[in-house]
Amino acid sequence: MDPSQYPGGAPPAGAVGAVPGQGPPPQGQPYPQGPGAPANYGAMNPSETKGEAGKLPGGQAAPTPSAPSLNEMDNVGGYENVGFSDNCLPPPSYDESVQPPTERPEIKGVDVVNEDQAREALMMYVAEHCCYGKGAAETMKFTQLQPTNAFHYTLETFCESRSTAWAFEPFCGESLTPPANGPAPGPWDITPSPGPTMFQDGKMDLEVPHTASVKACHNCCASGWIQCNKCFGLGREQCTFCNGRGCSRQYIDGDWVDRSCTSCNGRGMRTCHRCHGCGRITCTLCDGKTRLKCYIKLTILWVNHVNDHIVERTELPDHLIREVTGHQAFQETAPRVFPVNHFPDPEINAASKRIVGSHAGAFPTERMLMQRHQVRIVPVTQAFFNWKEKDSDFFIYGFENKVFAPKYPQTCCWGCTIL
Ligand SMILES: [Zn+2]
Ligand SMILES: [Zn+2]
Ligand SMILES: [Zn+2]
């Protein structure tokens with residue numbers, strides 16, 4: 001943290017944010033302005049290279065452009081290592097014990113489709129495929145409708161993570177809660193309002209109370225203006241129409257002649273459109289307010305981690321089960337769920353045990369807020385049929401009675417020819 005270890009405030013060679021050939025100015029001299037100024041000036045502070053717990057390896061530029069000098073930031077108790085990029089903060093330890101529930105929701109059964117429903121579903125499927133022939137669907141003889149159930153287990157683990165970083169914004173004269181008014185609360189002691197929507201991803205940025213202070217804007221030396229970076233302060237720029245020549249060559253009556261440029265009236269230069277001729281623009285960092293409010297920003301991220309397992313024992317591709325509705329046989333929500341151990345299919349119980357176990361230690365930098373798991377039972381019927389002396393089959397699945405019929409006998413190629 002001690003700037004004196006690098007005379008003049010210059011970072012060591014290869015330090016974070018170093019710009020080749022552009023060291024900071026000698027102490028006591030103003031910060032450079034305009035296009036010559038390094039974009040990440042403040043991040044060149046040596047203390048930035050030490051903090052951040054290795055988040056900024058040597059040579060990698062800090063992500064925040066033109067941040068103020070870290071040395072100027074107030075010393076906020078509990079936030080000594082905060083830099084200008086997000087610093088992830090693992091949660092303090094908390095109770096992670098899991099108890100088997102004394103009572104669990106019972107598991108309910110499912111329905112099966114009959115021949116009429118199977119045929120109707122297939123007719124709908126054929127109608128969606130413009131060149132499929134509907135004759136087969138209308139006249140096929142069902143030889144067997146084999147009902148089965150697919151089981152879809154899903155575990156959601158809803159977690160929160162927190163990180164802090166110094167932030168700054170134009171100061172508009174609002175009242176602050178400076179460090180002198182009291183100690184800053186710890187990053188995990190702050191309660192967000194409104195709180196998260198359970199099992200939905202979200203993000204919230206908060207100002208940590210008692211960390212704010214006002215600093216003179218270093219980007220414009222508190223003037224509110226910086227040199228125009230389009231015309232470099234000249235107020236004029238080269239005419240783009242004639243490329244500064246003042247005239248343009250035109251073909252008139254079979255001859256090439258030079259005509260005075262109508263865009264710049266022959267001057268070759270035009271008034272700079274960015275600064276309207278005054279050579280300076282409003283400081284982009286303080287928005288012309290001349291001062292910056294610096295504070296520690298707490299970023300809260302909510303992430304819903306989802307993993308699932310499908311038990312489906314026919315030729316129907318398993319992933320199709322995710323896309324349809326079924327019967328919710330079981331659902332349980334708890335801070336820590338206990339693996340399902342009472343489902344009639346042991347593969348689901350094993351998958352639940354495996355997935356619950358894998359989530360238990362998977363998010364060490366996050367605080368687990370809630371877990372929810374469920375088993376859906378999705379009906380799958382394999383319909384065996386005979387059409388024109390040939391045996392084949394198709395599948396009907398989900399409450400939507402969706403059809404999977406890759407072997408439908410009357411598709412475009414030869415279906416069209418026999419109609
Ligand atoms: Zn011109
Ligand atoms: Zn300009
Ligand atoms: Zn400024």
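The values are calculated or read from the model by the stated rules, or taken from the named source; none is laboratory data. Everything quoted here is computed from the prediction, not taken from an experiment. Positions of Cβ are backbone-derived with ideal geometry, glycine not excepted, and every protein chain shown enters the neighbour counts.
Do we find that Phe232 is away from ligand 2 (no atom under 16 Å from the Cβ), at pLDDT below 95 and surrounded by fewer than 17 Cβ atoms within 10 Å (Cβ to Cβ) in this structure? So that I can check it myself, show each step before the final result.
On the way: away from ligand 2 (no atom under 16 Å from the Cβ): no; at pLDDT below 95: yes; surrounded by fewer than 17 Cβ atoms within 10 Å (Cβ to Cβ): yes.
So Phe232 does not fit the description; no.
Looking only at residues that are among the aliphatic types (A, V, I, L, M) and in a loop (DSSP other than H, G, I, E, B) in region 176-192, which one is nearest to the chain's Cα centre (by Cα)?
Only one residue tops the list, namely Ile190.
Please verify whether Thr154 is surrounded by 14 or more Cβ atoms within 10 Å (Cβ to Cβ) and either in a loop (DSSP other than H, G, I, E, B) or touching a Pro at 6+ places or on another chain (Cβ under 8 Å) (or both), treating the condition exactly as stated.
When the stated conditions are applied, Thr154 does not pass them.
Exactly one of these conditions fails for Thr282: (1) under 30 Å from Phe84 (Cβ atoms); (2) away from ligand 2 (no atom under 16 Å from the Cβ). Give me its number.
That leaves (2) as the condition not met.
Which of the strands (runs of 3 or more DSSP E) contained wholly in region 322-419 include at least 2 residues that are touching a Cys at 6+ places or on another chain (Cβ under 7 Å) and surrounded by fewer than 19 Cβ atoms within 10 Å (Cβ to Cβ)?
Numbers: elements: 327-334, 367-387, 390-397, 402-404.
Result: 367-387.
Could you identify the single residue in Gly195, Gly202, Gly173 that is more than 21 Å from the chain's Cα centre (by Cα) and of a type outside the set (D, E, K, R)?
On the way: Gly195 fails: more than 21 Å from the chain's Cα centre (by Cα); Gly202 fails: more than 21 Å from the chain's Cα centre (by Cα).
Of Gly195, Gly202, Gly173, the one residue that is more than 21 Å from the chain's Cα centre (by Cα) and of a type outside the set (D, E, K, R) is Gly173.
Select from region 262-286 the residues that are crowded, with 18+ Cβ neighbours inside 10 Å and not in a loop (DSSP other than H, G, I, E, B) and write down the one among them that is farthest from ligand 3 (Cβ to nearest atom).
Arg270
So, Cys220, is that one in contact with a Leu (Cβ under 9 Å, 6 or more places away or on another chain) and within 16 Å of ligand 2 (Cβ to nearest atom) or not?
Details: in contact with a Leu (Cβ under 9 Å, 6 or more places away or on another chain): yes; within 16 Å of ligand 2 (Cβ to nearest atom): yes.
Yes: the conditions hold for Cys220.
Would you check if there is a residue in region 203-226 being more than 30 Å from Pro364 (Cβ to Cβ), without any contact (Cβ under 8 Å) to a residue 24 or more places away in the chain and aromatic (Phe, Trp, Tyr)? Even if it seems obvious, please write down each step before you answer.
As a first pass, look at region 203-226 and keep what is more than 30 Å from Pro364 (Cβ to Cβ): 212-226.
Those left that are additionally without any contact (Cβ under 8 Å) to a residue 24 or more places away in the chain: none.
Taking every residue of region 203-226 in turn, none turns out to be more than 30 Å from Pro364 (Cβ to Cβ), without any contact (Cβ under 8 Å) to a residue 24 or more places away in the chain and aromatic (Phe, Trp, Tyr).
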